[in-house]
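Written below as structure tokens is the structure these notes are about.
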Amino acid sequence: MTIDGNDLLNSILASLDRIEYISPEDIPNIDLYMDQITTFMDSRLRSSVRNPEEDKVLTKTMINNYAKNDLLPPPVKKKYSKEHVLLLIFIYYYKGIMSINDIQTLLGPITDYFFHKDGEFNLESVYREAFGMVEKQRQALKEDVTEKFKVAQETFQDAPEEHADFLRKFAFICTLGFDVYLKKLMIEKILDDIYGSKGTDRK
């Protein structure tokens, strides 16, 4: 079914509002088994997946692969701590735009310096600061998406009427896609700087 332009924009903006910030207070303070971890992540992030009836937020296989690739410290007696969950949330958001090596480069120092560390500044502190900043950008993102949509709606004025709606949606995707492409390049540039500052080679 074809969605009217304004309805499409409203649907996209509403979907942004449904993306939930998982507060550290929402995460159990007790250690969890793998099944409990996957159930918790699914309950909190189900609204953000493309096909809620089919797509998996997190599986046992994913967790095992993250551990094999040194993205996730091993559990203790098959139980995962609150800090494991925090790392899994970071990985969940990064895996769509970064390679495993890049995620490892980014999260490696976070794990080395702040995982299971005593003191006031720990992994939870890092998580709060990072996601607190991102949450504040939600309204700015909605305004940016709205502006891109309006610009796309002004394109293809001379296109055949039967193709105009598709072409304007194509233009909208192009502007969003180019934005993602540029931001991905910036992320890679920053990661390359981290590699250089560490004086290490990529795996």
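The values are calculated or read from the model by the stated rules, or taken from the named source; none is laboratory data. This structure is a prediction, so every number in the text was calculated from the model and none was measured. FYI the Cβ positions are ideal-geometry reconstructions off the backbone, even for glycines, and counts take in every protein chain you see. Only protein heavy atoms, including side chains, enter the accessible area calculation; ligands, DNA and RNA are left aside. Shrake-Rupley method; radii C 1.70, N 1.55, O 1.52, S 1.80 Å.
Observations
- Any hit, region 135-147, residues being closer than 25 Å to Cys174 by Cβ, outside any helix (DSSP H, G or I) and of a type in the set (Gly, Ala, Ser): no
- Every pair of residues 6+ apart whose Cβ atoms lie under 8 Å, when the first sits in region 123-146 and is over 17 Å from Ile19 (Cα atoms) and modelled with pLDDT of 90 or more while the second is surrounded by 15 or more Cβ atoms within 10 Å (Cβ to Cβ) and of a type in the set (Lys, Arg): Glu124/Lys82
- Residue that is nearest to Val126 (Cα to Cα), among those in region 1-38 that are β-branched (Val, Ile, Thr) and open to solvent by 70 Å² or more (accessible area, probe 1.4 Å): Ile30
- Test: residue in region 170-192 that is open to solvent by 50 Å² or more (accessible area, probe 1.4 Å), in a helix (DSSP H, G or I) and over 30 Å from Asn101 (Cβ atoms): yes
- The condition of being open to solvent by 70 Å² or more (accessible area, probe 1.4 Å) and more than 19 Å from Val85 (Cα to Cα) holds for only one of Lys136, Lys142, that being Lys136.
- Matching option when the condition is among the hydrophobic types (A, V, I, L, M, F, W, C) and in contact with a Lys or Arg (Cβ under 9 Å, 6 or more places away or on another chain), among Phe115, Phe156: Phe156
- Tabulated pairs, region 90-102, first closer than 18 Å to Glu129 by Cα and outside any helix (DSSP H, G or I), second of a type outside the set (D, E, K, R) and open to solvent by less than 70 Å² (accessible area, probe 1.4 Å), C-beta under 8 angstrom, 6+ apart or interchain: none
- Looking only at region 50-79, and only at residues there that are assigned to a helix (DSSP H, G or I) and within 21 Å of Ser99 (Cβ to Cβ), the one that is most open to solvent (accessible area, probe 1.4 Å): Lys68
- Residue match in region 39-49 (condition: in contact with a helix residue (DSSP H, G or I) (Cβ under 8 Å, 6 or more places away or on another chain), open to solvent by 50 Å² or more (accessible area, probe 1.4 Å) and modelled with pLDDT of 90 or more): no
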